[in-house]
Structures are given as structure tokens and as C-alpha cells.
Amino acid sequence: MPQHDYDLIVIGAGSGGVRAARLAAMTGAKVAIIEQVQVGGTCVLRGCVPKKLLVYASEYSQAFRDAKGFGWTVDWARFDWATLRDSVQDEVNRLSGLYLQNLKNAGVELFEDRAVLTDPHTVRLVKEGRYLGADRILIATGGHTYRPEETPGQELGITSTDAFVLKDLPSRIVIAGGGFIAAEFATVFSGLGVETTIVYRGERILRGFDHDVRAHVQADLARSGVNIICGSTISEIALLADDRKLVTLSNSMRIEADQVLWAVGRVPNTMNMGLEASGVRLTERGAVAVDEYSRSSVPHISAVGDVTDRVNLTPVAIREAMAYVATEFQNTPTAFDHADVASAVFSRPPVGAVGFTEEIARERGHKLKVYRSTFRPMKHILAGNEQKTLMKMIVDLKTDQVLGVHIAGPDAPEIIQVAAVAVKAKLTKAQWDATCAVHPTAAEELVLMGEAVSHDNEAPA
């Protein structure tokens, strides 16, 4: 093997890239990491972390209303966007600094530049004009927000990246999309007092989640004041006076707003990187095509995280990175299992889900028992808060294995983490039922749902 500058070059210093670089360096490998923006990646800088901090802030408006039922008077409460915005940015910059320090402590060399592959073992640093060689290259460049460039006036809108650093909080906002990002930012803006409208092309938001969860979340967002327009898209955005926007929908409806937020998906960061010229095959969506060990079509070039478009979640990128290092630097071939990965949506109400939805389970040929419970959380009763919790369990009729758990309600993301252990372990409904409840909690409902709401018949022998 020819001698190169590094044993490993990692392109992209997000959660997956940083983890891979650190762990590889800790094995004694000589490692470089290249990042053109800021160490931390989407999750830390413009995704999970700042988003959840905004969600926390938005929850106070309801909490202040709820407090009256418990005897508290908080009529003096006021909100200042600039304070929140700047505090959130201070926190993400602090976390970025920790990532940077951890890289230095592990002996990883950082290049703040853009990387382009010039051949299967060589990377060119665009600003420096310098060339670096490596025995192995790991692509961990993540993805970026998508804009429908064919839509007239699309440039007048913002993306989730821009939303974190807005100079002023808008009075009215239109959010295009119906997935994670749309539901979460609708929760944030409406909770902060912004008149919020979701425009979604499908018939119900949160495509890919269980149909009962989708209906529950959409109804509760609408109940809390979010205007949701389904079966429509934005066909044009025009500029009005005072930087306001006139949004024309495909159903001919027109809406005036201060801001339009595009939340219509993300695209893998693979453009103009020299990947194809180096022999790396891309999928139709532009992601790096990889095998179960995260290896691309060029054996010593691998990829982890959102750039592979498998399961686009930060913990998945981290686990893929750990598996990559075990395989390539510790002589322990390891493939991360993408089945039964839990996910959360920090909407109002929040969602936690793991395993099969009812629809997917049936598509896979399972006969089912379905358990479902809807109830008002104890805390909401004195508060006069009408928000309810939905819990749903999908059980295989023949084996009694719990195939999926779906929760929409307060603390759902926290509860689903533990439920994911049980689903991953393939526990049966009988084993769940044998677990004694913790009372009074919402989570106890998961071990108390005794009667199935639907029960398939066994297939004839």
C-alpha cells in the first residue's frame, strides 16, 4: 500500500464525523478531519439542539396558562425573542467548542476548508490549494435544507437554518411542509405567539408515522391555533410592502405573512465533491450508496450519517461511525442494525415512536392485535388543559411479540427510549403485562392496556 499523509481523512465534522475521527485516532491512527463551516454539524448548530431549546421556550406560554389552575398568577409574563435567540446561539457555540476540544484531545488534525476528492486517495483543500492523501476516506458531510427552485419567489422564504437567527420574531408565518421540521417549527412559532399556518401537499401531516398518531397531532395543533391546510402547495411567493410576503397556494388561496419557512425536506451534501469522478456511486437522491458496513463502491471510501440517506437521525450517525471504526481500525467487522430505531418529534404534542406502524405491520403480512388508549394527563386536569395523550401498541397475533409502540403526548420522547429497549429485545405483550405499573404516571398505561381495540382473525390452516 502506498504511503499517505494520513491513515484516515474524515470529510465533515458533524456528530458522525467527529465520533469516527476521535475513535479512530484513539486506536493510534493518524487522522485528519475537514470542515468548511463550523465543528458540530447540523444537530448541534442548526438542528436538534437549538430546535429543542426553542421548543422548551415555546412551552412556557401554555405552562403559564396551566399554572392558574394550580393557584399561580403569572399575568406579568412577557417574551423577548432576542434574548432567546442569543442564548441559544451561545449554547450551540459552547457545544461546538467542546467538540473542537475533544478532537484536539484525541490528536485529530482539523482543517477548516472545503474538501474535494481528486482521486480515490487524495483530497484537495479548496482555500489552501493543498492536497492531502489518506489510506481511507470517510464521507460524513450530512445534508442541507431543500428549496423548490422551480417555485417563483422561493428565494423570499427562509429555511430552518435561517429560523434560528431571525432578527425579529414574525407576526405571521407560513410553513411549507408536513414532516418533522414543519411540525416542530409550527409548535415553536405558535407557542411564541406567532400566527402560524402549515401548508402541506398530503392529506395529513407526519407522513411515515402511525395513522392514529398523525391524526392526533394534527388535531391538537389545530386545536391550539395552528392553521393547517392540506392537499395544497405553495405555487408562488411575491414581495409586498414592508418586506411582507403574499403566498399563493395551488388551491388559489392567498395568505399574507411576514415570513415563509421552507420545511420540505433535506438533500445529501454530495454535490461538487469529486465523488463520482473518484468512482463513488451515488443513489438517485444523490446520497452515497453504501453496504451494511458503510463502504461505498470504492472499498476504502466509506460514508456515515445523513449523506447516506438511510435513517437520518443523529444517534444513528454516531452508531454508524462507531461501527465503521470497529470494522476498519479494530479488526471487528460491525454492521449497525437499522431496525427498530426509535424517533421523536418535538411537536405539540410531542411524539415518540419505535417499530412498525399498524400500516407497515400489515404490509409485512402480520396478523395483529392493536391496543390503543387516549387519556387526559393528570397534570392537565386541574389546569383545564384539553390536550390528551395517545398510546398505541402493535402486537403480532401469532407470536405475541410487540412490533411497535407509538405515543403522542407529554414526555413521549422520554418514554419511548425505554420502550425501544423492549421492542428491540422482541419482548411479548405478556411480558409487558407482567411488569408492575408505576403509579401515578402516564407511562403505566403501556403495561395496563388489557383489551385490544382491533383483533385480526387467524389465517385458516
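The values are calculated or read from the model by the stated rules, or taken from the named source; none is laboratory data. Here the structure is a predicted model, which means the values were calculated and not measured. Note that each Cβ is placed from the backbone with ideal geometry, even for glycine, and that neighbours are counted across all protein chains shown.
For region 313-350, taking the residues that are of a type in the set (A, V, I, L, M, F, W, C) and touching a Phe, Trp or Tyr at 6+ places or on another chain (Cβ under 6 Å), the one that is surrounded by the most Cβ atoms within 10 Å (Cβ to Cβ) is identified as VAL345.
Within region 107-138, the only residue that satisfies the criterion of being under 23 Å from SER294 (Cα atoms), of a type in the set (Gly, Ala, Ser) and surrounded by fewer than 17 Cβ atoms within 10 Å (Cβ to Cβ) is GLY133.
Of all residue pairs spaced 6 or more apart or on separate chains, those with beta-carbon atoms under 7 Å, a first member in region 382-407 that is at positive phi and a second member that is polar (S, T, N, Q) and at pLDDT 95 or above are ASP400/THR428. Kindly indicate whether ALA82 is surrounded by fewer than 14 Cβ atoms within 10 Å (Cβ to Cβ), assigned to a loop (DSSP other than H, G, I, E, B) and not hydroxyl-bearing (Ser, Thr, Tyr). No; evaluated as a whole, the condition is false for this residue. Do we find that VAL199 is closer than 30 Å to GLN62 by Cα, at pLDDT 95 or above and crowded, with 23+ Cβ neighbours inside 10 Å in this structure? Yes. On inspection, GLN431 passes the criterion of being within 17 Å of TYR371 (Cα to Cα), assigned to a helix (DSSP H, G or I) and either hydroxyl-bearing (Ser, Thr, Tyr) or not assigned by TED's automatic domain parsing to the domain that holds PHE209 (or both).
Residue count for region 246-269 under the criterion of being out of contact with any strand residue (DSSP E or B) (no Cβ under 6 Å at 6 or more places or on another chain) and among the β-branched types (Val, Ile, Thr): the result is 0.
Scan region 207-223 and tell me whether some residue there is assigned to a strand (DSSP E or B) and farther than 14 Å from GLN154 by Cα. No, the conditions are met nowhere in region 207-223.
Every condition in (1) over 20 Å from the mean Cα position of the chain (by Cα); (2) surrounded by 16 or more Cβ atoms within 10 Å (Cβ to Cβ); (3) assigned to a helix (DSSP H, G or I) holds for ILE228 except the one numbered (3).
Is it the case that some residue within region 281-300 is among the hydrophobic types (A, V, I, L, M, F, W, C), assigned to a helix (DSSP H, G or I), touching a Leu at 6+ places or on another chain (Cβ under 7 Å) and at pLDDT 95 or above? Among the residues of region 281-300, not one is among the hydrophobic types (A, V, I, L, M, F, W, C), assigned to a helix (DSSP H, G or I), touching a Leu at 6+ places or on another chain (Cβ under 7 Å) and at pLDDT 95 or above, which makes the answer no. Return the residues of region 301-330 that are under 15 Å from ASP7 (Cα atoms) and in a loop (DSSP other than H, G, I, E, B); say none if nothing qualifies. Scanning region 301-330 gives a single hit, GLN330. Cβ-Cβ distances below 7 Å connect the following pairs, each with a first residue in region 159-174 that is in contact (Cβ under 8 Å) with a residue 12 or more places away in the chain, a second residue that is aromatic (Phe, Trp, Tyr) and crowded, with 22+ Cβ neighbours inside 10 Å, and a separation of six or more residues or different chains: THR159/TRP262; SER160/PHE185; ALA163/PHE185; ILE173/PHE189. Look at VAL264 and say whether it is within 26 Å of ALA186 (Cβ to Cβ) and either touching a residue at least 24 places away in the same chain (Cβ under 8 Å) or not acidic (Asp, Glu) (or both). Taking the combined requirement at face value, the residue satisfies it.
Only one of the numbered conditions (1) of a type outside the set (A, V, I, L, M, F, W, C); (2) touching a Pro at 6+ places or on another chain (Cβ under 8 Å); (3) part of a helix (DSSP H, G or I) is violated by GLN387, and that is (3). All told, VAL264 falls short of being among the β-branched types (Val, Ile, Thr) and in a strand (DSSP E or B).
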